[in-house]
1. Go through the range 26-60 and count every residue that is surrounded by 15 or more Cβ atoms within 10 Å (Cβ to Cβ) and either under 26 Å from residue 125 (Cβ atoms) or touching a residue at least 60 places away in the same chain (Cβ under 8 Å) (or both).
2. Residue 41: within 15 Å of the chain's Cα centre (by Cα), closer than 24 Å to residue 6 by Cα and within 16 Å of the ligand (Cβ to nearest atom), yes or no?
3. Working only within the range 79-91, note down all residues that are modelled with pLDDT of 75 or more and within 18 Å of residue 3 (Cβ to Cβ).
4. Residue under question is residue 13, and the condition is that it be in contact (Cβ under 8 Å) with a residue 40 or more places away in the chain, over 19 Å from residue 128 (Cβ atoms), within 16 Å of the ligand (Cβ to nearest atom) and buried (at least 18 other Cβ atoms within 10 Å of the Cβ); does it hold?
5. Being in contact with a strand residue (DSSP E or B) (Cβ under 9 Å, 6 or more places away or on another chain), closer than 20 Å to residue 66 by Cα and within 16 Å of the ligand (Cβ to nearest atom) narrows it down to one residue among 19, 54, 31; which is it?
Ligand SMILES: [Zn+2]
């Protein structure tokens, strides 16, 4: 999950607050930020989750603040990896991803045994969001 900025410096991953529509504070959004020129961008792993959330909020959302970790497995994982301002440990992130996938697979088996189709569907969607892009090892 390393990325080089267009200015040549290595970008760092951190959790940031994104303001949408001037009214909604979305906390804990994982972004790449450049320590040299301050350029920042949302990490590709969460772009689809963020677009989905913004789509749900609509054009005229009420003033509110929410944590992106409730919408994105990746934001949740990075939050758990203890990213409060610290530099992320790639190994720790990989371990958490693996753990999360195992948990979700366990839950999927449980949902299957309960014949809960809606729950199975939700768990499959969460697994797909994690599996879409695994960090490079
Ligand atoms: Zn830069």
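The values are calculated or read from the model by the stated rules, or taken from the named source; none is laboratory data. What you see is a predicted model; the values in this text were computed from it and never measured. Cβ placement follows ideal geometry from the backbone for every residue including glycine, while neighbour counts extend to all protein chains displayed.
1. Selection size over the range 26-60: 16.
2. Against the criterion (within 15 Å of the chain's Cα centre (by Cα), closer than 24 Å to residue 6 by Cα and within 16 Å of the ligand (Cβ to nearest atom)), residue 41 qualifies.
3. Answer for the range 79-91, where residues must be modelled with pLDDT of 75 or more and within 18 Å of residue 3 (Cβ to Cβ): 81, 91.
4. Criteria met by residue 13.
5. 31
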